[in-house]
Amino acid sequence: MSDAPVLHEQKDGYSVITLNRPDRLNAFNELQHQQLRAALDACEADAGCGAIVLTGAGRGFCAGQDLSDRDPTLIGENPDLGKTLETFYNPLVRKLRAMPKPVICAVNGVAAGAGANIALACDIVIAAKSAKFIQAFSKIALIPDAGGTYWLTRLVGEARAMALALTAHPLPAQDAADWGLIWRAVEDDQLMEEATRLAEGFASGPTRAYALTKRAVHAASTNSLDAQLDLERQLQREAGRSDDYKEGVSAFLEKRPANYRRKAG
Ligand code: T3D
């Protein structure tokens, strides 16, 4: 296997992207950020890619920022962590959210710090039962970043969000699923099978409708009902004019499987 910090495998209709620094539990350094960005850009541009599976090599998913790059003797008295968020983590979160195809995160092991929150930025999160989600930041006197305060408060409510953030309590995958933080917790040996089954389904599905659905769901948590109804009208108008819609309804009426032809974006 390659020792590149990010592996990108193109499958039939979808891609698997693997964070690959297992000795550091796939903690992010700059090269890993750059390679992940390049892999996501390639997936977005590839009309043959209908979905993305993001996972980690080894026993962890991602332990957040590589702290060996933050040794105080190296970074000095007055580091600007806001700059690294602006350069790497914030664009990554924005990229995942805006990706016009479903991103499935297969959390194979511990997801800590920004590693947990990058997972939560994905569209569907499935975790191995042995995995844990840790808002590790308070242990090193930081605050949750990579969207952590946004995801946690919206997904599990302020009471649980606050306790997770302040205590760095390791939340087991099954609890994360029971709390609504993630979609499902599955047996460890079923994780990739479940994730690839989902990706294969999306790969043969109506790509444009998925992109529009993402936009609508993302807007819902901040829109008023009126604004959301207006947005649904606008996006449904677009969906209803697509070839995929014609094919979906025709297939239903003809009692046959729909045959969607994938289009980029
Ligand atoms: O800095 C900025 O740019 C701002 C952005 C910040 C974003 C952030 O993510 S801040 C939060 C950073 N992450 C952490 O604080 C988590 C640190 N890691 C841990 O707390 C633990 O490793 C875990 C709870 C995740 C897992 O514990 P455990 O006992 O299963 O494994 P371990 O033995 O601690 O780790 C295994 C190896 O991975 C170990 O190396 P070794 O001793 O075998 O050579 C450990 O040092 C290494 N490792 C784990 N996490 C990191 C790491 N190395 C560098 N950076 C890490 N984040």
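Cβ-Cβ distances below 9 Å connect the following pairs, each with a first residue in the range 130-143 that is in a helix (DSSP H, G or I), a second residue that is more than 10 Å from the ligand (Cβ to nearest atom), and a separation of six or more residues or different chains: PHE137/ALA165; SER138/ALA165; SER138/LEU166; SER138/THR167. Residues in the range 199-248 that are more than 16 Å from VAL103 (Cβ to Cβ), of a type in the set (S, T, N, Q) and part of a helix (DSSP H, G or I): GLN228, GLN234, GLN236. Among the criteria (1) away from the ligand (no atom under 14 Å from the Cβ); (2) crowded, with 16+ Cβ neighbours inside 10 Å, the one ALA45 does not fulfil is (2). Taken over the range 75-97, the criterion of being more than 12 Å from the ligand (Cβ to nearest atom) and surrounded by fewer than 13 Cβ atoms within 10 Å (Cβ to Cβ) is satisfied by GLY76, GLU77, ASN78, ARG94. Taking residues in the range 148-167 that are farther than 14 Å from PHE137 by Cβ, and partners anywhere that are crowded, with 18+ Cβ neighbours inside 10 Å and among the aliphatic types (A, V, I, L, M), the pairs with Cβ atoms closer than 6 Å and at least 6 places apart or on different chains are THR153/ALA161; LEU155/LEU181; VAL156/LEU181.
For LEU36, state whether it is away from the ligand (no atom under 16 Å from the Cβ) and surrounded by 15 or more Cβ atoms within 10 Å (Cβ to Cβ).
no
For the range 157-178, indicate whether the set of residues that are of a type in the set (D, E, K, R) and either within 12 Å of the ligand (Cβ to nearest atom) or not assigned by TED's automatic domain parsing to the domain that holds ASN26 (or both) is non-empty. Among the residues of the range 157-178, not one is of a type in the set (D, E, K, R) and either within 12 Å of the ligand (Cβ to nearest atom) or not assigned by TED's automatic domain parsing to the domain that holds ASN26 (or both), which makes the answer no. The residue list LEU25, LEU19, LEU67 contains one member that is assigned by TED's automatic domain parsing to the domain that holds GLN135, of a type in the set (A, V, I, L, M, F, W, C) and over 21 Å from CYS105 (Cβ atoms), which is LEU67. Just so you know, in the range 103-129 the residues that are assigned to a helix (DSSP H, G or I) and out of contact with any helix residue (DSSP H, G or I) (no Cβ under 8 Å at 6 or more places or on another chain) include one that is farthest from the ligand (Cβ to nearest atom), and it is ALA119.
So that you can scan it fast, the table gives a plain yes or no per residue for (1) touching a helix residue (DSSP H, G or I) at 6+ places or on another chain (Cβ under 9 Å); (2) over 24 Å from LEU81 (Cβ atoms); (3) surrounded by 15 or more Cβ atoms within 10 Å (Cβ to Cβ); (4) basic (Lys, Arg):
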| site | (1), (2), (3), (4) |
| --- | --- |
| PHE137 | yes, no, yes, no |
| TYR150 | yes, no, yes, no |
| THR153 | yes, no, yes, no |
| GLU158 | yes, yes, no, no |
| ALA161 | yes, no, yes, no |
| ALA173 | no, yes, yes, no |
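Looking across the range 240-262 at every residue that is surrounded by 15 or more Cβ atoms within 10 Å (Cβ to Cβ) and within 22 Å of CYS43 (Cβ to Cβ), the one that is modelled with the lowest pLDDT is identified as ARG262.
The values are calculated or read from the model by the stated rules, or taken from the named source; none is laboratory data. It should be emphasised that the depicted structure is a prediction, and the values quoted were computed from it without experimental measurement. Cβ atoms come from the backbone with ideal geometry, glycine included; neighbour counts cover every protein chain shown.
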